[in-house]
Amino acid sequence: MLCKKLQSINRTCGPTSGGIARIWIFDGEDFNFTQAAADADGNKAPFTAIALRAGATALGGAKMFPIKFEKNEAEYTYKQSRKGCSVKYEHQLEFKLPDLSLLISNWNANIDAAGCCCGVGLAIQLNSGKVFIAGEKYANASVIDIPLEMKQDGSSGTSGKLLDDENSQTTILKGDNNRGLIEYSGGVQSIVDLQ
Amino acid sequence: MKVKIKDSHLKTVVAFNSDGKTPLGERKDLDKLAVIALESGDKSLLELFEEIPPLDELKADKVEKELPALPAAKK
């Protein structure tokens, strides 16, 4: 404690599962996330509520957009690095979209434009049940200090050669900021309801 | 003091506690939203309420509801 008060990782014992269950993309400008104050040790609390910001309407397109990716073909990874006291977290979400089509081409164009202008928000439900939020821009009705902007970067597609070869796009969304993602504990159904 | 949403926000939807569809005027768990609003200090949530009890009162009410009935001591 003389330099820094450390803490333990005291996870409640129990099994977990790998992989991703659901992914949603959203416009970070549309939603405000509510988060209780950090505890006495500075540990952040999860997001517990999501609400549309003033001017954003579901009719106008302010929604959580589900991504129907190929099952067992999605992964969230991050890599922490530092130079001196400057810390960076490189976040990456990869998922397969089956069946190359105009639907995917149009989706790519849309995501590329969003990536250029404002970044893309992501809600990622792991098979463990936990939901993480990436790319939020507003918390407790104030702008996030350093927003994470996820952008499509490095996606690739293949038609395959044989009948049973894969015909899909491997989509990669990336973004850097200075911390890990924050969980949303308000329940998956509440995100589904915002679709 | 009861939790009361402003009339102007009865049709507003806030996603929390596994529900992102029911308008605030129809929710039965506004006490939970009140706790979330007070613990976060989120002005956009606080301004939804006409009346909001203090946090300790809300939490005391929650304990009362969840406290299991103690079995009567056998004599």
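The values are calculated or read from the model by the stated rules, or taken from the named source; none is laboratory data. Only a predicted model underlies this, so the values are computations on that prediction, with no experimental measurement involved. Neighbour counts run over all protein chains shown; Cβ positions are idealised from the backbone, glycine included. The area values use the complete protein model at the heavy-atom level, side chains included, leaving out ligands, DNA and RNA. Shrake-Rupley method; radii C 1.70, N 1.55, O 1.52, S 1.80 Å.
Overview of values
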{"item": "Aspartates and glutamates whose Cα lies under 18 Å from that of B:Lys4, excluding same-chain neighbours fewer than 8 positions away", "result": "B:Glu26, B:Asp29, B:Asp31, B:Glu39, B:Asp42, B:Glu47, B:Glu50, B:Glu51, B:Asp56, B:Glu57, B:Asp61"}
{"item": "In nm, spacing of pseudo-spin labels at B:Glu50 and A:Ser86 (7 Å Cα→C-beta vector)", "result": "5.4"}
{"item": "Top positive-direction residue, dipole computed over segment A:32-135 with Cβ charges, set A:Ala123, A:Leu102, A:Gln35", "result": "A:Gln35"}
{"item": "Heavy-atom SASA rank of A:Arg22, A:Arg82 (probe 1.4 Å, accessible area, largest first)", "result": "A:Arg82, A:Arg22"}
{"item": "Alpha-carbon centroid distance for the pair segment A:5-29 / segment A:75-105, whole angstrom", "result": "16"}
{"item": "Residue of A:Pro147, A:Pro98, A:Pro15 that the Gaussian network model of chain A assigns the largest fluctuation, springs spanning Cα pairs under 10 Å", "result": "A:Pro15"}
{"item": "Lys, Arg +1 and Asp, Glu -1 on Cβ, resulting dipole of segment A:90-152 about Cα centre, debye, nearest 20", "result": "140"}
{"item": "Crossing angle, helix A:102-117 versus chain A [Cα axis fit, 0-90 degrees, rounded to tens]", "result": "40"}
{"item": "Within straight-line cross-link reach of A:Lys4, lysines at Cα separation under 24 Å, skipping those fewer than 8 residues along the same chain", "result": "A:Lys44, A:Lys79, A:Lys83, A:Lys88"}
{"item": "Pairwise label distance in nanometres, A:Gln7 with A:Asp39, each label 7 Å out on the Cα-Cβ vector", "result": "0.5"}
{"item": "Rounded to whole Hz, the Karplus (6.51, -1.76, 1.60) HN-Hα couplings of segment A:22-30, x for glycine and proline", "result": "8, 9, 10, 10, 8, 8, x, 6, 7"}
{"item": "Within chain A: Cβ-based charge dipole about Cα centre, in debye rounded to nearest 20 (Lys, Arg +1; Asp, Glu -1)", "result": "680"}
{"item": "Under 5 Å, built H, 5+ apart or other chain: amide partners of A:Phe31", "result": "A:Arg53"}
{"item": "Where a label projected 7 Å from the Cα of A:Glu166 along Cα→Cβ would reach, residues of segment A:65-83 with amide N under 11 Å", "result": "A:70-75"}
{"item": "Amide proton proximity set for A:Met150, modelled H, under 5 Å, gap of 5+", "result": "A:Val120"}
{"item": "Sparse-neighbour loop sites [GluC sites (Glu not before Pro); segment B:1-60; at most 14 other C-beta within 10 Å; DSSP]", "result": "B:Glu47"}
{"item": "Shielding by partners, peptide A:141-154 (average Cβ within 10 angstrom, other chains)", "result": "1"}
{"item": "For chain A, calculated [θ]222 nm from helices alone, where every DSSP H run of n ≥ 4 adds -39500 (n - 2.57)", "result": "-3000 deg cm²/dmol"}
{"item": "Per-residue mean of C-beta atoms belonging to partner chains within 10 Å, peptide A:44-56", "result": "4"}
{"item": "Using θ = phi - 60° and Karplus 6.51 cos²θ - 1.76 cosθ + 1.60, couplings along segment A:62-73 (whole Hz; Gly, Pro as x)", "result": "7, 9, 8, 9, x, 10, 8, 8, 5, 4, 6, 10"}
{"item": "Links that overshoot a 25 Å alpha carbon limit, given the list A:Lys63/B:Lys32; A:Lys96/A:Lys151; A:Lys137/B:Lys43; A:Lys137/B:Lys28", "result": "A:Lys137/B:Lys28"}
{"item": "Counted charge near A:Ala114, where neighbours are those whose Cβ lies closer than 13 Å (Asp, Glu -1; Lys, Arg +1)", "result": "-4"}
{"item": "Global geometry of segment A:134-195, whether rounded, prolate or oblate, following the gyration tensor of its Cα atoms and the 1.5 cut on a/c", "result": "oblate"}
{"item": "Cα gyration tensor shape of segment A:11-84, rounded if a/c is under 1.5, else prolate or oblate by comparing a/b with b/c", "result": "oblate"}
{"item": "All Cα pairs of the protein assembly as shown, percent lying beyond 28 Å", "result": "44"}
{"item": "Accessible area per residue, Å², chain A with all protein chains present, probe 1.4 Å", "result": "59"}
{"item": "Nearest-0.05 FRET efficiency for A:Asp145 and B:Glu57, computed from C-beta distance (R0 35 Å)", "result": "0.60"}
{"item": "Separation of alpha-carbon centers, segment B:9-34 and segment A:143-189, rounded to whole Å", "result": "30"}
{"item": "Whole-percent carbon and sulfur share, accessible surface of chain A, 1.4 Å", "result": "52"}
{"item": "Mean Cβ neighbour count within 10 Å, used as a protection proxy, ranking A:131-138, A:151-158, A:89-96 highest first", "result": "A:131-138, A:89-96, A:151-158"}
